[in-house]
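I'd like to ask some things about the structure below.
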Amino acid sequence: MTKSKNDQTVSQIEELKPPTPWPGANARLLGLGVGLPISALDRLANFSAAEFERFTLEWATDYLAVKKPDIVEVQQRGGAGDKGRDVIAWHDPSTVPVRKWTLYQCKHYGSALGAGTAAAEIGKVLFYSHRGDYSFPEEYHFVTHKGVTSPFQDLLDKPEDLRKFIINSWNEHCRTKIRKDPVELTAEFKAHIESVPFAAFRAKQPLTLLNEHSQTKYHLTVFGAPLIDRPKPPEPPSEVAPGENEYVAQLMEAISADLGHTVSNLTDFLHSDKHRRLFDRSRLTFYHAEGLKELARDQMADIAFFDTLLKEFHDGLYHWHTSEPDGYPRLIETVKASQNIQLSKHALEPHVLPNDREGMCHQMANQGQVRWCDK
């Protein structure tokens, strides 16, 4: 995992399995989903080193791997024993003996990356590729949020000058910065340094990185962005759809209990205006809540936002959907209570309408999280 400049320890790699909601994503999507009132670059500066590496992993996984067909796998390697590798993009499958690869090295410092600091990272890939731990990468990109200093960029623009700088300043910048034991610049090692293509070393420009990350499914939940007006909720189809079966079955049970005889379809209770209105309204509000789910899926690119909101309703309504008596009274009291429970500062909270609140009760029933009638 990448380290801030003052960090002296390296933490163990923590596997990140996308997609998972970003820590603090709700705070980034307060209000109407416009995010906090700071620029993307400034927000990037507020990331921890681990968050910046995660950001880079997201970009590599959902932008690079999509735009570059030759990338077959993206891996996070940062952490203890990473040998100077944070994020790797493989260009060959694991069945190839010597796989081509590109390295993205994350540096989240308080200032632009200079040649002296970068030299130690370059020294690592030179040393470990010479020792045979891995092959020399096709490309090596420094990924930063502050960019690189002008003198270092000059060296990157002139690969032979960068090679000379590394060799001439080895003792100062690299010898004791690669591993616990000093790495001496032997004749054999120097020959290796002189043989590899220094044009591989490059710097990823922060604004380019942000622009490309904005094209991934992760960007909105990381940085916040204006959400377009919520589309009109879908209308219930004339016939009950397969995805409605569970909550509709529970509605039938509650209506049966209230009428005192079993009903299995709408025609069985058309004579009861109260129950027919309940059935029609339940379907209407269920589909309103479906619209909220689509908002999370299509505009926030993460259905987990809807799932966590549903959990808030389930927890907040616990004493109603478990109360006695069961059946019709339990259903009605839970629906009524849904209009009054307080929601946290959830990313979807500004978009929740009264019909959504009622519909969330039927969404819970549809997922089997509540039962209106005790068996």
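Since every read-out is calculated from the coordinates, none of them should be taken as a lab result. Treat the numbers as computed from the prediction; the structure is a model and nothing was measured. Cβ coordinates were reconstructed from backbone atoms using ideal geometry, including for glycine residues, and neighbour counts include every protein chain displayed.
Check cross-link reach from Lys158 to the aspartates and glutamates: straight Cα distance under 19 Å, and skip same-chain residues fewer than eight apart.
Result set, ordered by chain and number: Glu121, Glu138, Glu139, Glu194.
For the pair Ser39/Leu259, report the inter-label distance in nm, with labels modelled 7 Å from Cα in the Cβ direction.
6.6 nm
May I pose another question? Farthest toward the dipole's positive end in the chain, which of His346, Val87, Ile303, given Cβ charges of +1 (Lys, Arg) and -1 (Asp, Glu) about the Cα centre?
Towards the positive end, the residue furthest out is Val87.
Still on this structure, please answer the following. What trypsin sites (Lys or Arg not before Pro) does region 283-335 have in DSSP loop regions with at most 16 other beta carbons within 10 Å?
The qualifying sites: there are none.
Add -39500 (n - 2.57) for each DSSP H run of 4 or more in the chain, then divide by its residues: what number comes out at 222 nm, to the nearest 500 deg cm²/dmol?
-13000 deg cm²/dmol
I've got another one for you. Could you size up the charge dipole of the chain around its Cα centre, putting +1 on the beta carbon of Lys and Arg and -1 on that of Asp and Glu, and report it in debye to the nearest 20?
1100 debye
With an 8 Å Cα cut-off and a minimum separation of 6 or more residues, compute the relative contact order for region 78-166 in percent.
It comes to 30 percent, rounded to a whole number.
Say each of Lys180 and Ser272 gets a label point 7 Å from the Cα, pointing the same way as Cα to Cβ; how far apart are those two points in nm?
Between Lys180 and Ser272, the simple spin-label model gives 7.6 nm.
How big is the charge dipole of region 309-375 about its Cα centre, in debye rounded to the nearest 20, if each Lys and Arg gets +1 on its Cβ and each Asp and Glu gets -1 on its Cβ?
Roughly 80 debye for region 309-375.
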